[in-house]
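Visitor: Mind having a look at this structure? Questions to follow.
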Amino acid sequence: MAVPVGLGQGAEELSLLEKSLGLKKGNKYSSQGEQKIPVLQTNNGPSLTGLTTIAMHLVKQAKQDQLLGTTAEEKAVVHQWLEYRVTQVDKQSSKEETRIILKDLNSYLEDKVYVTGNNFTLADILMYYGLHHIIADLTVQEKEKYLNLSRWFNHIQNYPGIRQHLSSIVFIKNRLYNAH
């Protein structure tokens with residue numbers, strides 16, 4: 001589904017998510033407010049507002065509930081990272097805030113394959129989409145500085161159906177996988 005110009009990054013991400021989940025029908029998105037918060041107009045019921053609310057709805061619609069976590073703890077961790085995405089990653093406004101977020105994520109991902117640990121979830125997908133433009137702007141040296149984050153990002157961008165039309169970010173693989 002093509003997202004009309006001016007709807008904002010959230011609506012584009014939701015369209016990418018729809019496609020990666022195998023949902024065929026194109027939902028109608030609009031945005032609200034200066035921050036362009038995505039809104040989904042549902043056919044039967046009230047409209048849904050907010051990136052994570054709509055994303056969770058799409059996952060359930062696609063009957064891929066495992067992406068929301070399989071245990072109570074994992075579900076809470078998925079929700080925690082979805083919240084982090086919206087309250088921290090999307091709200092950063094300076095190079096210093098961006099650097100702190102990248103540094104924190106790099107440290108967090110040191111011993112993890114995915115954001116929630118060992119299972120691929122919606123948190124990985126939305127964090128990937130939210131960080132794509134930031135990682136794309138990093139120099140080779142900056143990417144090497146954040147080796148754990150770069151390893152995770154490269155893994156997610158190569159996950160089937162996730163990257164789609166987004167540019168592929170190039171990493172120096174020897175550094176990513178031989179750092180320890």
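The values are calculated or read from the model by the stated rules, or taken from the named source; none is laboratory data. None of the values given here were measured: they were computed from a predicted structure. Because the Cβ atoms are built from the backbone with ideal geometry, glycine has one as well, and the counts that use them run over all protein chains shown. All accessible areas refer to the heavy atoms of the entire protein, side chains included, with ligands and DNA or RNA removed. Shrake-Rupley method; radii C 1.70, N 1.55, O 1.52, S 1.80 Å.
Visitor: So how many residues does region 58-82 have that are within 26 Å of residue 22 (Cβ to Cβ), in a helix (DSSP H, G or I) and either among the aliphatic types (A, V, I, L, M) or modelled with pLDDT of 95 or more (or both)? First the steps, then the outcome.
Guide: Step one: list which residues in region 58-82 are within 26 Å of residue 22 (Cβ to Cβ), which gives 58-71, 74-75, 77-79, 81-82.
Those left that are additionally in a helix (DSSP H, G or I): 58-61, 65-68, 74-75, 77-79, 81-82.
Checking the rest, the ones that are also either among the aliphatic types (A, V, I, L, M) or modelled with pLDDT of 95 or more (or both) come to 58-60, 65-68, 74-75, 77-79, 81-82.
So the count comes out to 14.
Visitor: Something else about it: Check whether at least one residue in region 116-131 is part of a loop (DSSP other than H, G, I, E, B), surrounded by fewer than 19 Cβ atoms within 10 Å (Cβ to Cβ), in contact with a strand residue (DSSP E or B) (Cβ under 9 Å, 6 or more places away or on another chain) and of a type outside the set (Gly, Ala, Ser), and report yes or no.
Guide: Checked against the condition, which is being part of a loop (DSSP other than H, G, I, E, B), surrounded by fewer than 19 Cβ atoms within 10 Å (Cβ to Cβ), in contact with a strand residue (DSSP E or B) (Cβ under 9 Å, 6 or more places away or on another chain) and of a type outside the set (Gly, Ala, Ser), region 116-131 yields at least one hit.
Visitor: Now for a different question. Name the single residue, out of those in region 139-154 being open to solvent by less than 70 Å² (accessible area, probe 1.4 Å) and out of contact with any Leu (no Cβ under 8 Å at 6 or more places or on another chain), that is nearest to residue 68 (Cα to Cα).
Guide: 143
Visitor: Find all pairs meeting these conditions: Cβ atoms under 6 angstrom apart; at least six residues apart or on different chains; first residue within region 60-76 and aliphatic (A, V, I, L, M); second residue assigned to a loop (DSSP other than H, G, I, E, B).
Guide: 62/21; 62/23; 67/121
Visitor: If the requirement is being open to solvent by less than 50 Å² (accessible area, probe 1.4 Å) and not charged (D, E, K, R), which of these qualifies: 172, 100, 135? First the steps, then the outcome.
Guide: On the way: 172 fails: open to solvent by less than 50 Å² (accessible area, probe 1.4 Å); 100 fails: open to solvent by less than 50 Å² (accessible area, probe 1.4 Å).
Only one candidate qualifies: 135.
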